[in-house]
Amino acid sequence: MLDSKKIAEIRKDYTLKVFDETHVNPDPLIQFNEWFNEALNAAVLEPNAMTLATVGFDGRPCARIVLLKGIEENGFIFYTNYDSNKGKQLRANPYASLVFFWPELQRQVRISGNVEKISELDADAYFASRPLESQIGAHASMQSQPLKNREELEAEFERLKALFTTTPLVRPRHWGGFKVVAHTIEFWQGRASRLHDRFEFTLGPENWMYKRLSP
């Protein structure tokens with residue numbers, strides 16, 4: 001059993017950076033790109049990894065890590081099996097939240113918005129850019145469905161690998177992309193003594209507005 005006292009004693013003071021009004025870009029998409037590029041330059045492990053939170057059919061939150069694969073206008077794009085749990089949840093309730101956490105920079109970005117499918121053409125183009133093994137894996141895995149054992153999955157992978165030596169490999173219809181169209185974006189910079197910097201952007205009728213939030 002974990003020692004709760006030891007867990008409670010885990011602390012780190014954040015002193016790396018400052019993020020105040022002089023640093024805030026009034027366009028949160030530009031601000032995100034600036035921070036994302038800094039994460040790339042800082043060699044953050046998987047800087048495009050983000051928590052995706054959806055709402056289950058029982059009304060309870062459901063979260064998992066997915067990978068950001070593109071940004072367009074106000075949209076943050078990721079790919080998945082449409083028949084997975086997250087795919088079904090997003091079709092039933094097309095709203096989600098994303099969280100990026102870059103501990104090497106002591107930063108967090110939270111994004112909330114409506115969710116929509118990307119176009120078939122864009123999904124086809126991205127699928128074709130993936131490594132061959134990943135393309136076959138998308139066909140082999142019935143994501144979120146019960147699996148008897150790993151051998152069953154690997155056998156299906158090998159069967160499809162052999163099949164696609166003679167049959168054209170195309171994107172399965174149940175696989176594609178979602179775009180989270182941001183309505184709110186919050187930038188969080190860790191600061192000393194838990195006096196963190198937080199700026200929340202909200203999309204208005206004509207443009208973005210932002211305000212500082214208390215930590």
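Close contacts from the stretch 131-145, counting a first residue that is on the phi > 0 side of the Ramachandran plot and a second that is of a type outside the set (A, V, I, L, M) and surrounded by 10 or more Cβ atoms within 10 Å (Cβ to Cβ), with Cβ to Cβ under 9 Å and a gap of 6+ residues or different chains, come to Ser144/Asn81; Ser144/Asp83; Ser144/Ser84; Ser144/Asn85; Ser144/Lys86; Ser144/Gly87; Ser144/Lys88. Checked against (1) in contact with a Lys or Arg (Cβ under 8 Å, 6 or more places away or on another chain); (2) surrounded by 15 or more Cβ atoms within 10 Å (Cβ to Cβ); (3) not in a strand (DSSP E or B), Phe76 passes all but a single condition, namely (3). Given the condition β-branched (Val, Ile, Thr) and either surrounded by 16 or more Cβ atoms within 10 Å (Cβ to Cβ) or under 16 Å from the mean Cα position of the chain (by Cα) (or both), answer yes or no: does some residue in the stretch 25-38 qualify? Scanning the stretch 25-38, I find no residue that is β-branched (Val, Ile, Thr) and either surrounded by 16 or more Cβ atoms within 10 Å (Cβ to Cβ) or under 16 Å from the mean Cα position of the chain (by Cα) (or both), so the answer is no. I'd like to know if the stretch 95-104 contains one or more residues that are of a type in the set (D, E, K, R), closer than 30 Å to Val24 by Cα and either part of a helix (DSSP H, G or I) or in contact with a His (Cβ under 7 Å, 6 or more places away or on another chain) (or both). Yes, there is a match, as at least one residue in the stretch 95-104 is of a type in the set (D, E, K, R), closer than 30 Å to Val24 by Cα and either part of a helix (DSSP H, G or I) or in contact with a His (Cβ under 7 Å, 6 or more places away or on another chain) (or both). Among the numbered conditions (1) surrounded by 12 or more Cβ atoms within 10 Å (Cβ to Cβ); (2) over 20 Å from the mean Cα position of the chain (by Cα); (3) under 24 Å from Pro61 (Cα atoms), the only one that Gln145 does not meet is (1). The test for being buried (at least 19 other Cβ atoms within 10 Å of the Cβ), out of contact with any Phe, Trp or Tyr (no Cβ under 6 Å at 6 or more places or on another chain) and of a type in the set (Val, Ile, Thr) holds for Ile118.
Just so you know, all these numbers are worked out from the coordinates, no wet-lab data involved. In this text the structure is predicted, and so the values were computed from the model without any measurement. Note that we place each Cβ from the backbone using ideal geometry, even for glycine, and neighbour counts take in every protein chain shown.
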